[in-house]
Amino acid sequence: MALLEIKNVSKRFGGLKAVSDVSMSIETGEIAFIVGPNGAGKTTLFNLITGVHQADAGQILFDGHDITRLSPDRAAKLGIGRTFQIVKPLRNLTVLENTMLGAFLHTSSPAVAEREAAKVLQFLGMTKAMHLPARGMGLPMMKRLEIARALATKPKLILLDEVVAGLPTSEALKLADLLKRLPEWGIAAIGGVEHVMQVVMKIADLVVVLDHGVKIAEGKPQDVVHRPEVIEAYLGPKYKELLKK
């Protein structure tokens, strides 16, 4: 049984159909990426999975539960973690304290929350920064802190919305190396990205391509990037020329 199953899901906002009859599934420990240009429907699909929005049609199953109409807090308790495009930590708290907020989902003990948060920060290479305030941190560390808060909730699945957006290529690839290790923690991941294909090619087991809310391709990254419809809708003619070299 798949960890997550999305079956023929659609969502409309007024006259705009943001997601149209999309289906996909992800297994435990698998890393998938949903790619597509701005407005393709990636964030909307994430919001449907996490209960921020409810689908107009279709069904979403997670770990054997129907979560199509589930609220965000109940989705989190079932084991769905989430990062956001715009990183907004509590700037007056330290990195450790920010991460502890995620750990409090499963414990009321500050000592336990601190211990769990410290493990996550060590994994993300943030131990030296754990007692520093979140304010004033650079974007690479802010992105890692956003991931840390989600990991501290002990998710079975984490949704990473534009997690490497705005990062230099070198920093994006360093972060990709860490994300590739998420299955070691028993965590599956779905990333949504617009243009950072180097990260997708490096760590993805599965790629789903959306265009104006419609799934136009699905498969292994090496196969998907060569498909004419993906090059036409997403990668562009310049990428097609690179593939010839």
Checklist entry - Counting pairs of alpha carbon atoms under 8 Å apart in space and at least six apart in sequence, what relative contact order in percent does the chain give? => result 25
Checklist outcome for this item: Residue-normalised 222 nm signal for the chain, counting each DSSP H run of n ≥ 4 as -39,500 (n - 2.57), nearest 500 deg cm²/dmol, is -9500 deg cm²/dmol
Item to check | Estimated vicinal HN-Hα couplings, Hz - region 37-42 in sequence order (Karplus 6.51, -1.76, 1.60; Gly, Pro = x) | outcome: x, 3, x, 6, x, 5
Checklist entry - Listed highest first by mean packing, meaning other Cβ atoms within 10 Å per residue, what order do 177-189, 21-33 come in? => result 21-33, 177-189
Checklist entry - Once both labels are modelled 7 Å past Cα along the beta-carbon direction, what's the Gln122-Phe84 spacing in nm? => result 3.0
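So how much slack lies between Asp223 and Leu101, counting 0.36 nm per residue of separation and subtracting their Cα-Cα distance, in nm?
Value of the extension gain: 39.9 nm.
Test of understanding: what is the full-extension gain from Asp21 to Arg91, defined as 0.36 nm times their sequence separation minus their Cα-Cα distance?
Extending this stretch completely gives an extra 21.2 nm.
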Next on the checklist: Counting only other residues whose beta carbon sits under 11 Å from that of Asn38, what net charge do I get with K and R as +1, D and E as -1?
Outcome noted: -1
Checklist outcome for this item: Placing each pseudo-label 7 Å from Cα in the direction of the beta carbon, Leu139 and Lys77 end up separated by a distance in nanometres of 3.7
Checklist entry - Say the cut-off is 21 Å between C-alpha atoms; which of Lys42/Lys174; Lys17/Lys215; Lys88/Lys215; Lys42/Lys143; Lys128/Lys156; Lys119/Lys180 go over it? => result Lys42/Lys174; Lys88/Lys215; Lys128/Lys156
Checklist entry - By how many nm would the segment from His65 to Ser10 grow when fully extended, if each residue of separation counts as 0.36 nm and the alpha-carbon distance is taken off? => result 17.9 nm
Next on the checklist: Given bins 5 angstrom wide, list per bin the percent of all Cα-Cα distances in region 1-95, short to long.
Outcome noted: 3, 12, 22, 23, 20, 10, 6, 3, 1
Checklist entry - Any idea how far apart Ala2 and Asp205 come out in nm if each label point goes 7 Å out from Cα toward Cβ? => result 1.3
Item to check | (i) 32, 21, 16; (ii) 30, 22, 15; (iii) 28, 26, 18, with the label sought being that of the calculated semi-axes √(5λ) of the Cα gyration tensor in Å | outcome: (ii)
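Since every read-out is calculated from the coordinates, none of them should be taken as a lab result. This one's a predicted model, so the numbers in the text were calculated from it and none came from an experiment. Virtual Cβ from ideal backbone geometry, glycine too; neighbours counted across all protein chains shown.
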